[in-house]
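A.B. asks: Next up is a structure, given as structure tokens.
The values are calculated or read from the model by the stated rules, or taken from the named source; none is laboratory data. If you're wondering where the values come from, they're calculated on a predicted model, not measured in any experiment. As a convention, Cβ positions derive from the backbone with ideal geometry for all residues, glycine included, and neighbour counts pool all protein chains shown. These accessible areas exclude ligands, DNA and RNA; they are computed on the full protein's heavy atoms, side chains included. Shrake-Rupley method; radii C 1.70, N 1.55, O 1.52, S 1.80 Å.
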Amino acid sequence: MSNETNHTTTEGSQESDTDSSVVSIAEDAYRYGLQQVIYYVTRFNYTQKEDSNFFVGVNRLYYPNEGRPITADFTAVVTPNATTLYAMGALDLQDGPIVIEMPEVTDRYFSLQLMNQYGMFPLYAGNQFNGTDARSYLILPDDYEGEIPDDFAATDVVQARTNTLFTNVRYALGDPTDESEIAYVNDLQAQTTITPLSEWLENDRSSVPRAEQSVVPGDYETIPRMTELTAQQVENQTAADFFTLLNLVLNDPSMSLIDDSRKEAAMLERLEQVGIGPGLEFDWSALETDVQEALTGGFESGFERVRAAVVEGNSDIMVDMNGWNVIQNTGDFRTDWLTRAAMADFGFAGPDSPASHIGGIIFTDANGDPLDGSNRYTITFDLDDLPPVTEFWEVPIYDAQGYFVENDLDRYSINSYMLEEGLLHTEANELVIYVQYEEPDDPEQATNWLPAPDGGMRFTARFFGPHWSLVDGSYDMPEVVPAEE
């Protein structure tokens, strides 16, 4: 009897150890794979979901809100900014190199940034990086061995080291209500082109305008719930979704693994234990119930850990800037998976380097209470101590999940351009931003009104071209102060 009892106890212990191991694998896999999974679904939204407002096919640019400032109906990515007009798209390099042409821009901030599935950027270009001249960039696929035309300067030839890239083009918009300025930026967008090298050569070494390009849908594996996941991805994903998508990522021929990464190789060995990895077919429904439960437990723990790292200001990846949490994207996303996952969750397509820009995230007011639109707040800048940037700064407001909320002004941020152009009220050498749901009665306060959502909310301030005091958190960023009743 005692032998049977011991045998049963040993089996139970082994099962417990196995479950614990699967939970650990799943939690680490969440940190490892969240960026790649979000990338995969985002690419689907732009290239395969033909009934989506974002669908443009591969190697073509999508203009949010038809080339107008982003509004509350934009939910494709979390925490967009409201001070630039975007153009976004997914490059597919499997059939060969791509040419991206940018116009001359001398009067405003602009950038072209390319991001791979790991959240790493093989290209930062624009006025703050390589000047204002018109440029043509040649983007090469992984392991490309073909000819490279002599038209391209070596500095403008980009080794992608993968066969898929997310493209993000930004042009600054000083006054989002100025129709002539919007039209001017739209013209710059029209001069921004993506053309396969083969077509560029056939077209007398010239780009093919977007309007003349064929729409070519992407050809990537999907899951039944794919269409349900394209908005508010992180909130809508289940464990079954996540691990099924992660297996698709690892078997996608356009997504190269990181060269010589011991850490990734070790993660892939662990994932094999649950049937996920290159060359494997993963079927959630075929898993034993206890394995599903263990994977779900690890998935939920991973979700909570990533969220807590940002909301609570984990010092491993965040620095406190007077209550605003700044993600420290100064490391290496190849191995720093927690920071990579936090960036994906709280600002997908945000940079892997502070050279471009950084964000300061805040969820609580100066008293430590959660921000809520039922309250009134002020953010007060000293005009002699504005955020030190080479380009511009802005303070956008979002709901608790990180999305714009509709308001009567269609105003979603206050920015430095508005201040420079005299669109905001200043007094006593201060700029006071009034944050509340209802429009202030005082007309001067109404000029500086940043409409708040009716409920939970957060800010993600942006600093383009930040000085180091913003990166290390030593800048005295104004707190979000509750208004006195």
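A.B. asks: Being in a loop (DSSP other than H, G, I, E, B) and out of contact with any helix residue (DSSP H, G or I) (no Cβ under 7 Å at 6 or more places or on another chain) is the filter; apply it to the stretch 276-294 and report the residue that is most open to solvent (accessible area, probe 1.4 Å).
C.D. replies: For the stretch 276-294, the residue satisfying everything is Glu281.
A.B. asks: May I pose another question? Go through (1) over 21 Å from Val480 (Cα atoms); (2) in a strand (DSSP E or B); (3) open to solvent by less than 20 Å² (accessible area, probe 1.4 Å) for Val326 and report which single condition fails.
C.D. replies: Val326 satisfies every listed condition except (1).
A.B. asks: For the stretch 196-213, which positions are part of a loop (DSSP other than H, G, I, E, B) and touching a residue at least 40 places away in the same chain (Cβ under 8 Å)? Full working, then the answer.
C.D. replies: As a first pass, look at the stretch 196-213 and keep what is part of a loop (DSSP other than H, G, I, E, B): 203-209, 213.
Within the stretch 196-213, Arg205, Ser207, Gln213 qualify.
A.B. asks: Next question, about the same structure. Which ones in the stretch 111-143 are over 25 Å from Ala342 (Cβ atoms), surrounded by fewer than 19 Cβ atoms within 10 Å (Cβ to Cβ) and either of a type in the set (Phe, Trp, Tyr) or without any contact (Cβ under 8 Å) to a residue 12 or more places away in the chain (or both)?
C.D. replies: Once the filter is applied, which keeps residues that are over 25 Å from Ala342 (Cβ atoms), surrounded by fewer than 19 Cβ atoms within 10 Å (Cβ to Cβ) and either of a type in the set (Phe, Trp, Tyr) or without any contact (Cβ under 8 Å) to a residue 12 or more places away in the chain (or both), the stretch 111-143 yields Gly131, Asp143.
A.B. asks: Could you list, in sequence order, the residues of the stretch 329-341 that are crowded, with 16+ Cβ neighbours inside 10 Å and part of a loop (DSSP other than H, G, I, E, B)?
C.D. replies: At the first step, the residues of the stretch 329-341 found to be crowded, with 16+ Cβ neighbours inside 10 Å are 329, 333-334, 336-341.
Of everything in the stretch 329-341, those that are crowded, with 16+ Cβ neighbours inside 10 Å and part of a loop (DSSP other than H, G, I, E, B) turn out to be Asn329, Phe333, Arg334, Asp336.
A.B. asks: Only one of these conditions is not met by Asp260: (1) modelled with pLDDT of 95 or more; (2) on the phi > 0 side of the Ramachandran plot. Which number is it?
C.D. replies: (1)
A.B. asks: Looking for whichever is over 19 Å from the mean Cα position of the chain (by Cα), under 28 Å from Thr238 (Cβ atoms) and not aromatic (Phe, Trp, Tyr) here; the options are Gly275, Gly350, Gly323. Which one fits?
C.D. replies: Values: Gly350 fails: over 19 Å from the mean Cα position of the chain (by Cα); Gly323 fails: under 28 Å from Thr238 (Cβ atoms).
Among Gly275, Gly350, Gly323, only Gly275 is over 19 Å from the mean Cα position of the chain (by Cα), under 28 Å from Thr238 (Cβ atoms) and not aromatic (Phe, Trp, Tyr).
A.B. asks: Of the conditions (1) more than 22 Å from the chain's Cα centre (by Cα); (2) outside any loop (DSSP other than H, G, I, E, B), Leu114 fails just one. Which one is it?
C.D. replies: Failed condition: (1).
A.B. asks: If you check every pair at least six apart or on different chains, which have Cβ atoms under 7 Å apart with a residue in the stretch 228-239 that is open to solvent by 60 Å² or more (accessible area, probe 1.4 Å) first and a residue that is modelled with pLDDT under 95 and hydrophobic (A, V, I, L, M, F, W, C) second?
C.D. replies: none
A.B. asks: Got a sec? Which of Ala309, Ala344 is touching a strand residue (DSSP E or B) at 6+ places or on another chain (Cβ under 9 Å), among the aliphatic types (A, V, I, L, M) and open to solvent by less than 20 Å² (accessible area, probe 1.4 Å)?
C.D. replies: Ala309
A.B. asks: If you don't mind, there's one more thing I want to ask. Quick check on Phe381: is it open to solvent by less than 10 Å² (accessible area, probe 1.4 Å) and among the aromatic types (Phe, Trp, Tyr)?
C.D. replies: Spelling it out, Phe381 is indeed open to solvent by less than 10 Å² (accessible area, probe 1.4 Å) and among the aromatic types (Phe, Trp, Tyr).
A.B. asks: Here's something else I'd like to know. Answer with yes or no whether Val41 is closer than 19 Å to Leu250 by Cα, in a helix (DSSP H, G or I), within 17 Å of the chain's Cα centre (by Cα) and at pLDDT 95 or above. Spell out how you get there, then give the answer.
C.D. replies: Numbers: closer than 19 Å to Leu250 by Cα: yes; in a helix (DSSP H, G or I): yes; within 17 Å of the chain's Cα centre (by Cα): yes; at pLDDT 95 or above: yes.
Considered against the rule, which asks whether it is closer than 19 Å to Leu250 by Cα, in a helix (DSSP H, G or I), within 17 Å of the chain's Cα centre (by Cα) and at pLDDT 95 or above, Val41 comes out as yes.
A.B. asks: What number of residues within the stretch 39-63 are over 20 Å from Pro97 (Cβ atoms) and open to solvent by 10 Å² or more (accessible area, probe 1.4 Å)?
C.D. replies: 11
A.B. asks: Among the candidates Thr75, Thr162, Thr167, single out the residue that is assigned to a loop (DSSP other than H, G, I, E, B), closer than 30 Å to Asn236 by Cβ, among the β-branched types (Val, Ile, Thr) and open to solvent by less than 10 Å² (accessible area, probe 1.4 Å).
C.D. replies: Every option except Thr162 fails the conditions.
A.B. asks: Of the residues Gln237, Gln232, Gln189, Gln213, which is of a type in the set (S, T, N, Q) and at positive phi?
C.D. replies: Step by step, each of Gln237, Gln232, Gln189, Gln213 is checked, and only Gln232 is of a type in the set (S, T, N, Q) and at positive phi.
A.B. asks: Can you tell me which residues in the stretch 379-413 are part of a strand (DSSP E or B), in contact with a Phe, Trp or Tyr (Cβ under 9 Å, 6 or more places away or on another chain) and of a type in the set (A, V, I, L, M, F, W, C)?
C.D. replies: Within the stretch 379-413, Ile379, Val389, Phe392, Trp393, Val395, Ile397 qualify.
A.B. asks: Select from the stretch 78-102 the residues that are in a loop (DSSP other than H, G, I, E, B) and open to solvent by less than 10 Å² (accessible area, probe 1.4 Å) and list them in ascending order.
C.D. replies: Those that are in a loop (DSSP other than H, G, I, E, B) and open to solvent by less than 10 Å² (accessible area, probe 1.4 Å): Thr79, Pro80, Asn81, Thr83, Leu93.
A.B. asks: Before we move on, is Ile182 farther than 30 Å from Val37 by Cβ, of a type in the set (Val, Ile, Thr) and not in a loop (DSSP other than H, G, I, E, B)?
C.D. replies: yes
A.B. asks: If Asp151 meets every condition in (1) buried (at least 21 other Cβ atoms within 10 Å of the Cβ); (2) assigned to a loop (DSSP other than H, G, I, E, B) apart from one, which number is that one?
C.D. replies: Condition (1) is where Asp151 drops out.
A.B. asks: Out of everything in the stretch 170-192 that is hydroxyl-bearing (Ser, Thr, Tyr) and open to solvent by less than 10 Å² (accessible area, probe 1.4 Å), what residue ends up being farthest from Glu420 (Cα to Cα)?
C.D. replies: We begin by selecting, within the stretch 170-192, every residue hydroxyl-bearing (Ser, Thr, Tyr); these are 171, 177, 180, 184, 192.
Imposing the further condition that a residue be open to solvent by less than 10 Å² (accessible area, probe 1.4 Å) reduces the set to 171, 192.
On the way: Tyr171: 17, Thr192: 28 Å.
Result: Thr192.
A.B. asks: Which condition from (1) open to solvent by less than 70 Å² (accessible area, probe 1.4 Å); (2) at pLDDT below 95; (3) aliphatic (A, V, I, L, M); (4) not in a loop (DSSP other than H, G, I, E, B) is the one that Leu246 breaks?
C.D. replies: Only one criterion in (1) open to solvent by less than 70 Å² (accessible area, probe 1.4 Å); (2) at pLDDT below 95; (3) aliphatic (A, V, I, L, M); (4) not in a loop (DSSP other than H, G, I, E, B) is unmet by Leu246, namely (2).
A.B. asks: Would you point out which residue out of Asn329, Asn325 is touching a Pro at 6+ places or on another chain (Cβ under 8 Å) and either of a type outside the set (A, V, I, L, M) or within 23 Å of Gln128 (Cβ to Cβ) (or both)?
C.D. replies: Exactly one of Asn329, Asn325 is touching a Pro at 6+ places or on another chain (Cβ under 8 Å) and either of a type outside the set (A, V, I, L, M) or within 23 Å of Gln128 (Cβ to Cβ) (or both), namely Asn329.
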